[in-house]
Every structure is written in structure tokens, then in C-alpha cells.
Amino acid sequence: MSQSPGRELLHVDGLTATVAGKTILKGIDLTVRAGEVHAIMGPNGSGKSTLSKVLAGHPAYEVTGGGATFLGANLLDLEPEERARAGFFLSFQYPVEVPGVANGQFLRLVYNTVQGARGREELDPLEFDDFVRDKMKLLEMDPAFLDRSVNEGFSGGEKKRNEILQMALLEPSLAFLDETDSGLDIDALRVVAGGINALRSADNAVVLVTHYQRLLDYVVPDYVHVMEGGRLVKTGGRELALELERRGYDWVAQEARAA
Amino acid sequence: MSTVASTWLDSLLSGHELFPEHRAGCWVNGLRADALERAHALTLPTPRDEDWRFTDLSPLYRLAFRAPVAAGALDAASLAPFDVAEAPLRLTFVDGHFVPRLSRLAEAGGALVLPLAEALESHAELVRAHLGGCVANGGSAFAAINTAYLHDGLFLHAPRGVRVPPVHVLYVSTRADVAVSPRLLVIADAASELVLVEDYVAVHQDTYGVNVVAEVVAGPGARVRHMRLQHDSKNAFHIGTTGVRLDRDAQYGALAVAFGARISRLDLHLTQAGPGARCELDGLALLAGRQLADTHSFIDHAAADGSSRQEHRCIVDDGAHAVFNGRILVREGAQRTNSAQQSRNLLLSDKARVDAKPQLEIFADDVKCAHGATVGQLEAEEVFYLRSRGLSESAARAMLTYAFAAGLVNRIALPSVVARLRETLTARTGNTEIVR
């Protein structure tokens with residue numbers, strides 16, 4: 001954690017949301033500042049993934065109350081692509097396969113689209129090839145993945161590397177990483193975590209959404225939030241994650257109900 | 001038969017005697033005469049026939065086509081977009097007529113690749129032995145009409161063990177209101193290998209008719225790959241009948257593409273006559289406007305240890321209509337058959353329509369058969385994924401639509417064909433940002 005608090009990137013205030021008429025988020029308060037790492041933990045079905053998707057603008061979810069600002073602007077007014085261009089990134093738990101579209105071309109299109117929207121220089125295919133190969137080294141990815149179709153036939157771990165590669169290209173101010181550790185063996189976990197750490201700076205922040213604490217051994221959080229029943233019911237430091245690992249989630253839920 | 005249909009048939013068949021091959025003495029004349037008789041006797045299909053319930057040909061029956069008396073003028077440069085660079089052999093037919101000037105007839109590695117009109121005389125025995133073997137000459141009204149007009153087309157014979165370089169048969173239409181009846185006969189002897197690109201294009205967007213019959217006979221262990229590209233004018237009518245017969249351990253891999261034509265129909269009948277035969281049939285229809293494309297396939301597992309994989313995909317926009325009927329028959333003796341059929345359909349508009357029907361008939365008890373059909377729109381989750389990377393909604397939709405089709409196209413081993421199909425897909429889906 002940096003000594004002086006960084007600038008506020010995300011401010012979520014009393015956010016509630018529904019999907020198909022069912023309320024999933026029941027009042028979320030969360031502030032993320034530059035330079036911070038947050039972890040949102042909780043049992044399955046607690047609403048962790050929903051929070052990520054709502055903030056990224058998934059059209060299936062309806063925001064029914066509260067608000068969210070990102071870099072001072074109303075996040076909820078923006079289309080998903082506008083959020084991405086503004087510097088909000090979501091790494092998917094289940095990245096989508098796009099057969100017939102070469103990963104390298106996809107990455108270049110995504111990169112240039114976002115660069116263009118940010119008023120920055122776009123890269124031609126040759127320039128981009130050098131650029132992306134460099135970033136792939138960070139994640140120990142074989143350049144052969146540029147020629148394969150986007151995520152098609154990738155293993156779970158390869159898909160996650162490809163997600164973090166996109167994070168590396170898009171240089172988001174704030175990255176929500178949804179279950180990035182799932183499906184990774186221990187070596188892949190180390191590599192992916194190394195990539196995430198290398199991308200951290202005093203100007204950006206990472207929110208790790210995870211069920212288990214093992215990723216947090218490598219990407220050390222400043223804050224750990226426990227999500228339960230659509231609310232963030234407890235916030236602590238890194239030690240909270242270790243306690244959750246030891247004791248499970250039930251005691252937090254009981255504590256929250258008692259309060 | 002309705003009056004409209006019979007008027008159409010009369011006008012179509014009235015040009016019959018104009019054909020130059022009506023030389024006295026040619027053995028084919030008897031075949032033509034019989035077929036002509038059958039054509040008159042058979043009923044033309046209407047939506048009252050179960051096999052044609054979704055495909056109403058009455059717009060076709062209302063038209064009066066001319067017999068193709070001569071090839072229209074065409075220079076070599078205008079064929080450049082259709083070139084298959086990997087194929088040293090190309091037979092080009094313009095308005096149904098073979099044009100040597102626009103063809104490439106090279107040494108075929110020991111195989112025979114020549115216009116059917118020539119083979120009718122030079123290799124009469126071989127042609128006679130196989131013609132009508134896979135598609136009965138009088139089996140349907142359209143096969144009968146085709147045979148009545150039997151005139152020219154492709155003859156390809158790969159002798160035992162011969163590996164034939166890719167062969168491109170290109171049918172170009174330059175004139176409106178002409179009806180052509182191509183005929184293709186492909187004989188792959190034991191352990192031979194061949195690649196055929198059967199290609200229908202136009203240099204105009206007017207109305208004309210194609211009624212083609214293609215037959216493929218694959219001997220033991222032969223390997224045949226067959227790309228069928230129907231990219232006729234958007235006002236054309238295209239009726240295709242393909243018959244394939246696979247002997248023991250023969251392999252047949254095919255992709256049939258329907259991009260063009262106002263109404264197109266493909267009847268594909270494949271028989272696994274010998275044990276251990278394998279086929280992979282891919283189909284792709286990309287339709288818009290008022291187009292209708294109908295594929296009726298029939299895979300007949302008549303021997304043991306065969307396998308078939310079929311994947312049919314349709315992308316339907318505007319008020320277009322796709323029909324897929326995939327019949328698979330596993331006969332009593334066809335034990336250990338392994339068959340998988342997938343029909344996936346993407347609707348891009350509220351008025352677009354798909355009728356997809358798998359039809360499995362299994363009479364053997366030790367078989368593995370899987371089939372599935374889906375009709376729907378793009379997955380919201382997939383669109384969201386691409387938008388979350390900064391792509392606009394329209395770019396995301398275009399890319400996913402493109403990807404839906406490109407997955408099949410990428411299986412083709414001929415880069416120039418892949419490139420051409422991708423170009424069409426790119427233009428049609430609006431996925432202009434990605435040209436691989």
C-alpha cells in the first residue's frame with residue numbers, strides 16, 4: 001500500500017441490481033483508489049461475479065438503486081465498450097471462444113480500438129506483432145497463440161493468460177479479475193500472478209474476485225472484503241483472507257446476521 | 001402436375017433438340033430419350049410433397065428459360081476473382097458451354113480430367129458403367145431433366161493409387177434467362193486421392209437456372225475432398241443433386257456453401273456401401289433478402305464400421321429462409337456405425353426463418369449416433385465479452401456472425417478458396433475490421 005492514498009478510481013455507493021427480476025446486489029459500498037489491491041471473497045452465489053458484471057455493464061443486469069462513479073464520471077451511464085475505453089477492465093471467468101478469428105488480429109483490433117478512443121497512436125500489424133510478443137513474454141505465452149482462433153481450444157489456464165494479456169494491452173486504470181485463479185495449476189498461477197503484479201502501478205488498481213485465497217499469496221491485497229447475500233459484510237486486511245481459508249465463510253455470515 | 005409447372009417444363013424441354021450432340025449413333029441418345037420421357041411423366045415437386053414442403057418452386061415454374069445455345073463473351077481477367085491458385089486444372093463453362101480458352105488442362109498426374117462431352121466418346125465404356133449409378137437418371141424430375149439435356153460437364157477418373165492435383169470446375173453465367181444442366185462424373189479408383197472444387201458464379205445479377213447432377217464414386221480406400229461453392233446471382237434458381245457412393249474404407253470430405261441464388265436446393269445422397277467408410281459433410285448457408293436455401297441430405301450407412309460427421313450452419317438475415325433436412329439411415333448390418341450430426345442456425349432478423357429437421361432411422365443395435373439442432377440469436381454473453389474489450393456492439397455482432405461461419409470455412413485445405421469465402425463472409429457480415 002502506498003503511504004499517501006491514491007486518487008479515487010471507483011466509488012460504489014449503495015448499489016443494488018437485479019437479474020431476471022431477482023435481486024442479487026443488495027447495497028454495495030466500495031471505494032478503490034489508485035495503487036490498491038482489493039480482494040472480494042465469498043461463497044458461491046454471494047453475488048461476487050454479479051458485481052463485476054454490473055460494473056462492466058452486462059445488459060442482463062438491471063441497476064435498481066445506488067450509484068457508481070469511475071474516475072469521477074457516472075459509470076452506470078456508459079455502454080460496456082465506453083467503460084472499457086475509459087479504463088475499466090473485466091477479466092472473465094469463462095472467456096468466450098471466437099472461432100475463425102485469429103487471436104493476434106483480435107488483440108490488435110481491440111488494442112487499436114481502445115487506443116483510438118483514447119486519442120493515442122494505433123499500431124500497424126508489424127508494429128503490433130513486436131509489441132504483443134513482448135507482452136506475451138510477461139505471461140510466458142507461446143507466440144503460436146497469436147495464430148490460433150481467439151480462445152478456441154485453449155485450456156483453462158491458457159484462456160486466463162490470454163485475459164491477462166488483454167489487460168496488459170489495454171492498460172486499464174481498474175481491473176476486475178473474476179476467478180482468474182480457477183482452472184490454473186500452481187505453475188500457471190504463479191505465472192499469471194507474476195503478470196498481474198508486473199502490471200500494477202501507483203496509477204492503477206486491481207480487484208481480485210475469488211473464492212479461494214491461494215491467488216492472494218502471490219498478489220497480496222491491501223483490503224479483503226467478504227461478500228455474503230449481495231452485500232459486502234466484512235472488510236479487513238490480508239489476514240482476513242487467511243482466516244477465511246482456515247475457518248470458511250459461515251462465521252462471517254453468522255457475525256453479519258448477528259450485527 | 002400443375003399447369004404452370006407443365007408449361008415451364010414444356011418450354012424448358014422444347015429447346016432440347018437444339019443440342020449439337022444429337023449426332024446420330026452416340027450411345028447417350030437413348031439415355032437422353034428415356035430421360036425425356038421420364039421428365040414428362042414425373043411430377044414436378046410442389047410444397048404438397050413432404051420433401052418440398054418449405055421450398056415452393058412456383059416462382060421458377062413461372063419462368064421461361066432458353067436453352068444455352070452459345071457461351072457469352074467473357075475475358076480471362078473477369079475470372080480472376082474466382083481463381084483457385086492451388087488447382088493446376090480448371091474446366092471453365094460459360095453459360096453451360098466449355099470454353100477451352102478460359103480453362104487450364106494440364107497433365108493430371110496419371111488421371112483423366114476432361115470435358116464430359118469428350119469422354120462420352122473417348123471413354124464411353126467407363127462413362128456408361130458409372131453414369132446414373134449414384135443419381136438415378138430418372139429418379140427425380142430434376143435428374144431426368146438434367147439427363148435429357150446431358151451434354152457436357154466434368155469427367156474425372158483417378159486410376160488406382162493416383163493422387164490427382166486439385167481440379168476446379170467453374171460454371172460462369174453471363175446471360176439472363178438461360179437454363180444450364182451441368183453433369184459431373186467423378187470416379188476415384190482404389191486408394192486414389194482427389195480434390196474437387198465445384199463452383200457456380202455469375203457476372204450479373206439477373207435470373208437464370210442451374211440444374212446440376214454430380215456423381216462421385218469412391219473405390220476402396222479412396223480419398224475425395226469436394227468443395228461445392230454455390231455463389232450464383234441473387235436472382236438465380238439453383239437445383240443441385242449430388243450422389244456419392246463410398247466403398248470400403250473410402251473417405252469423403254465435403255463443404256457445400258450456399259451464398260447465392262433466389263432459391264437453391266441441394267439434395268445430397270451419400271451411401272456408405274463398404275465397411276469402414278468415413279464422411280465429413282459440412283454445409284454453410286449465408287442468406288439475406290428473400291433468399292431461400294434448402295439442403296436435404298441423406299446419409300445411408302449400409303455397411304459396418306462406418307462413420308459420418310455432419311455440421312450444417314445457416315446464417316439468415318432479412319426475410320430469408322433456410323431449410324435443412326438431415327436424414328441418416330443406419331441399416332441393420334451397419335454395426336458400430338458412429339454418426340454425429342449438428343445443425344446450428346443463426347437468425348439475424350425477426351423475419352428470418354429456419355426449418356431444421358434431423359431425421360434418424362436406426363436399425364442396427366450397436367451404434368453411436370448423436371444429433372442436435374439449435375436455432376437462435378447471438379449469445380448475449382459473447383456480445384458482452386467483445387464489448388467489454390472496447391468493441392462497439394455492431395462490431396461485436398459482426399465479428400461473432402463472421403466467426404459462426406468462419407469456423408467451418410477454415411477447415412478447407414485450399415488457402416485461395418478460404419480467402420475467397422472469408423472475403424464474402426467479411427462483406428456480408430460487416431466484419432470489415434478482421435480479414436485474416
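The values are calculated or read from the model by the stated rules, or taken from the named source; none is laboratory data. Computed from a predicted model, the values in this text were never measured in an experiment. Glycine also receives a Cβ, built like all others from the backbone with ideal geometry; neighbour counts cover every protein chain displayed. Side chains are part of the model used for accessible areas, which takes the heavy atoms of the whole protein and leaves out ligands, DNA and RNA. Shrake-Rupley method; radii C 1.70, N 1.55, O 1.52, S 1.80 Å.
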| What are the residues of region B:370-393 that lose 50 Å² or more of accessible area, with a 1.4 Å probe, going from their chain alone to all protein chains? | B:Glu381, B:Phe384, B:Tyr385, B:Arg387, B:Ser388, B:Arg389, B:Gly390, B:Leu391
| Backbone HN-Hα couplings from phi across region B:42-55 [Karplus 6.51/-1.76/1.60, Hz, Gly and Pro as x] | 6, 7, 6, x, 10, x, 6, 7, 3, 6, 10, 5, 9, 10
| said: What is the angle, in °, between the Cα long axis of helix A:238-247 and the longest principal axis of the Cα atoms in chain A? Nearest 10 is fine, range 0 to 90. | reply: 70 degrees
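With contacts defined as alpha carbon pairs under 8 Å and 6 or more residues apart, what's the relative contact order of region A:8-258 in percent?
Working: 467 pairs, mean separation 70.2, N = 251.
Reported as a whole number, the value is 28 percent.
Among all stretches of chain B without exposed GluC sites (Glu not before Pro) (DSSP loop, at most 14 other Cβ atoms within 10 Å), which one is longest?
Details: sites that count: B:Glu107, B:Glu332, B:Glu379.
The longest such stretch corresponds to B:108-331.
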| Want the number for A:Asp185 to A:Asp134: 0.36 nm per residue separation, take away the alpha-carbon distance, what's left? | 16.0 nm
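Quick one, can you get me the convex hull of the C-alpha atoms of region A:8-258 expressed as volume per residue in Å³?
Numbers: hull volume 30.8 nm³, N = 251.
Per residue, the Cα convex hull of region A:8-258 comes to 123 Å³.
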| query | Quick one: Cα centre-to-centre distance for region B:356-386 and region A:177-219, in angstrom? | reply | 37 Å
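With a cut-off of 8 Å between alpha carbons and a minimum separation of six or more residues, what is the relative contact order of region B:379-436 in percent? Please report the intermediate quantities before stating the final value.
On the way: 36 pairs, mean separation 18.4, N = 58.
Taking the mean separation of contacting Cα pairs over the length of region B:379-436, I get 32 percent.
I need the fraction of alpha carbon pairs in region A:58-102 separated by more than 12 Å, rounded to a whole percent. Show your work: numbers first, answer last.
Working: 713 of 990 pairs.
Value for region A:58-102 (Cα pairs over 12 Å): 72 percent.
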| field | Integer Hz, Karplus 6.51/-1.76/1.60 couplings in order for region A:22-29, x for Gly and Pro | value | 9, 7, 10, 9, 10, x, 9, 10
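Just the accessible area per residue of region A:123-233, please: how many Å² with a 1.4 Å probe? Please report the intermediate quantities before stating the final value.
On the way: 4230 Å² over 111 residues.
Here the per-residue accessible area is 38 Å².
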| field | Over chain A: helical MRE at 222 nm, DSSP H runs n ≥ 4 each giving -39500 (n - 2.57), nearest 500 | value | -11000 deg cm²/dmol
| said: Suppose all protein chains stay in the model; what accessible area per residue would a 1.4 Å probe give for region B:29-187, in Å²? | reply: 40 Å²
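Just to check, using Stokes-Einstein with a Kirkwood Rh over alpha carbon pairs, what's the diffusion coefficient of the protein assembly as shown at 20 °C and 1.002 mPa s in µm²/s?
On the way: Rh = 28.4 Å.
D, rounded to a whole number, is 75 µm²/s.
Carbon and sulfur: what percent of chain B's accessible surface (1.4 Å probe)? List each step's numbers first, then the result.
On the way: 8080 of 16320 Å².
Reported share for carbon and sulfur atoms: 50 percent.
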| Taking the Cα centre of each part, how many Å lie between region B:30-97 and region B:99-163? | 16 Å
| request: Provide, for region A:121-259, the number of lysine pairs with alpha carbons under 25 Å apart, each pair being eight or more places apart or on different chains. | output: 4
| said: When a/c reaches 1.5 or more, the comparison of a/b and b/c decides; with that in mind, is chain B rounded, prolate or oblate per its Cα gyration tensor? | reply: rounded
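From the square roots a ≥ b ≥ c of the eigenvalues of the alpha-carbon gyration tensor of region B:379-436, which class results: rounded (a/c under 1.5), prolate (a/b over b/c), or oblate?
Judged from the Cα gyration tensor, region B:379-436 comes out prolate (a/c at least 1.5, a/b above b/c).
Hey, what's the Kirkwood Rh for region B:171-281 if you take every pair of different alpha carbons, in angstrom? Display every interim value, and only then the final one.
Working: mean 1/r = 0.0696 Å⁻¹.
Every distinct Cα pair counted, the radius reaches 14.4 Å.
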| query | DSSP loop trypsin sites (Lys or Arg not before Pro) in region B:36-96 with at most 10 other Cβ atoms within 10 Å of their Cβ, which ones? | reply | B:Arg48
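Taking 0.36 nm per intervening residue step and subtracting the Cα-Cα distance, what contour gain separates B:Glu121 from B:Asp355 on full extension?
On the way: separation 234, 0.36 × 234 = 84.24 nm, distance 4.41 nm.
Gain on extension, B:Glu121 to B:Asp355, equals 79.8 nm.
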| field | Over chain B: helical MRE at 222 nm, DSSP H runs n ≥ 4 each giving -39500 (n - 2.57), nearest 500 | value | -6000 deg cm²/dmol
| remark: Across B:Thr241, B:Thr55, B:Thr43, the residue with the highest GNM fluctuation in chain B (Cα network, 10 Å cutoff) is B:Thr43
| query | At the nearest 100 Å², what buried accessible area, both sides summed, do you get for B and A when the probe is 1.4 Å? | reply | 2400 Å²
| remark: Here the net charge surrounding A:Gly6, from other residues whose Cβ is less than 11 Å away from its Cβ (Lys, Arg +1; Asp, Glu -1), is -2
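Would you work out what percent of the accessible area of chain A, with all protein chains in place, is carbon or sulfur (probe 1.4 Å)? Walk me through the numbers on the way to the answer.
Details: 5000 of 10860 Å².
Of the solvent-accessible surface of chain A, carbon and sulfur hold 46 percent.
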| query | Solvent-accessible area per residue for region B:379-436 at a 1.4 Å probe radius, Å²? | reply | 35 Å²
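Restricting to Cα pairs below 8 Å that are 6+ residues apart, what does the relative contact order work out to for chain B? Please round to a whole percent. Please list the in-between numbers first.
Details: 1120 pairs, mean separation 40.8, N = 436.
It comes to 9 percent, rounded to a whole number.
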| query | Can you pull out the trypsin sites (Lys or Arg not before Pro) in region A:1-99 that DSSP calls coil and that have at most 13 other Cβ atoms within 10 Å? | reply | A:Arg7
| said: Students often forget the sequence filter, so: which lysines lie under 22 Å Cα-Cα from B:Lys357 once same-chain residues fewer than 8 apart are removed? | reply: B:Lys368
| query | Rounded if a/c is under 1.5, else prolate if a/b is larger than b/c, else oblate: which is region B:85-181, with a ≥ b ≥ c the root eigenvalues of its Cα gyration tensor? | reply | oblate
